[in-house]
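In what follows, a structure is listed as structure tokens, so that the remarks can point back to it.
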Amino acid sequence: IVVLVNVVLLLAVHYPFTETARSVFEGFTFAFTIIYVVEMFLKLSALGPFEYFGEPFNVIDSVVTIGSVIQIFLGSASVGAFRILRLLRIVRLVKALRSLHLVVLKAVASFVAVLRFLPVLLLFLFVFTILGSQFF
């Protein structure tokens, strides 16, 4: 239920953002981040680091939680960039639906494969950028 309230709060952001709404939003963001940090450390201490990071959903949760902590330390200048990352918390709700859970697991596996291909892609782009700048 905490995840649903957090996602609804993130979706309720509107512009122009009044100073009162900003302070309420930052307060809720801080509270949710504390809840998720406590949950992450409890799961990490209960499962151990190998079992905890062996589950892809725990990796996503930890990345989102660490991103939220970074957002708090950086202040309100980075709210837009990290809000997108925090929307990944809805992935926690995926565990309830088995078929959607499998789809997300396959997407994470394909993302890992894309990360292995990324250096080749960047090298390819770099080479053709140099060639393009030389010829044109």
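The values are calculated or read from the model by the stated rules, or taken from the named source; none is laboratory data. Just so we're clear, the structure is a prediction, and the values are computed from it rather than from any experiment. Surface areas here come from the heavy atoms of the whole protein model, side chains and all, with no ligands, DNA or RNA. Shrake-Rupley method; radii C 1.70, N 1.55, O 1.52, S 1.80 Å.
Of everything in the range 8-38 that is open to solvent by less than 80 Å² (accessible area, probe 1.4 Å) and among the aromatic types (Phe, Trp, Tyr), the residue that is farthest from the chain's Cα centre (by Cα) is Phe17. Among helices (runs of 4 or more DSSP H) entirely within the range 1-91, having at least 2 residues that are modelled with pLDDT of 85 or more singles out 19-47, 49-54, 56-74.
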